[in-house]
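Have a look at the structure below before the remarks.
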Amino acid sequence: MKDTTALFNHGTPKSSKRQIDETDPDHRIPNRPTPKQIRTEPNGIDISVTILDELRAMSQKVNSTLTVTQEIKTEIGLLKTKVGKLEATVDDQSKQIQFLQKENDRLYMAANRQYLFIHGLQETERNETELHQQVGHLLSQGLKIENVAFDDAQRRGNPGPRPRPISVFFQWPSERNAVLRAAKEMKLKGIYINPNLPPTIRTKARLRRQQRPPTKARTSPVTQQ
């Protein structure tokens, strides 16, 4: 009896194509790119390496920029601190200057509390005696004040087209204050009687006068002589 198994196996047709093992490096599927082909350009440069290098370079630039930015912020913070200290110093010095200016003005006024300045009185006198008479006439006739004692009256400044102011020293501050009050009440035309103020206060007073509207004033009998 014949072995049927052998006959069966012999009669079975074998595949004309050989089974391809895809893991076999010698039998890969045609036209499928290899990992090396994926990573490499035709000129042979490794793209992945190039990209990594560029990313590293970009990362270094970003880190450098962040470092510079932080340094700039630190410098700005230091500058702000210095500016704050300078502002505080300037503020303290400004307060000291204001205090010293006020103290200087106070001492100036204390030293000149018995002086008055007469502005606008015509310069017709020929000597100091006539000047004293002219001032006495202004006080008695123009301001209606009698028996006011003043020791000294002098023109101040250099001669010019306008009459020079007259500095008058009174024996008592009360008499000087009485003359000042009368001058404010009478408002003689063209004649102004003011205390001997410090330069800073005179400047402020002049600015205030320039801003006032013009007012009518009485005519001085002294100027009509």
Q: With a point put 7 Å past each Cα toward its Cβ, work out how far K144 is from V83 in nm, to one decimal.
A: 6.4
Q) For the cross-link pairs K144/K189; K102/K204; K102/K184; K80/K102; K144/K184; K184/K204, which exceed 22 Å when the distance is taken from alpha carbon to alpha carbon? A) K102/K184; K80/K102
Q) Taking the Cα centre of segment 60-211 as the origin and placing charges on Cβ (Lys, Arg +1; Asp, Glu -1), which of S64, A88, T124 is farthest toward the positive end of the dipole? A) S64
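May I ask you to derive the relative contact order of segment 114-211, considering only C-alpha pairs under 8 Å and at least 6 residues apart, and to give it as an integer percent? Don't skip to the end; give the middle numbers.
Numbers: 121 pairs, mean separation 38.4, N = 98.
Result for segment 114-211 is 39 percent.
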Q) Does anything in segment 192-209 have its amide N under 17 Å from the 7 Å Cα→Cβ label point of Q154, and if so which residues? A) 196-197
Q: State the extension gain, in nm to one decimal, for the chain segment bounded by D53 and H119, taking 0.36 nm per residue of separation less the distance between their alpha-carbons.
A: 14.7 nm
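Each value in this text was obtained by applying a stated rule to the coordinates, not by laboratory testing. Model, not experiment: these values are computed from the prediction. All Cβ positions, even for glycine, are placed from backbone atoms using ideal geometry, and neighbour counts span all protein chains on display.
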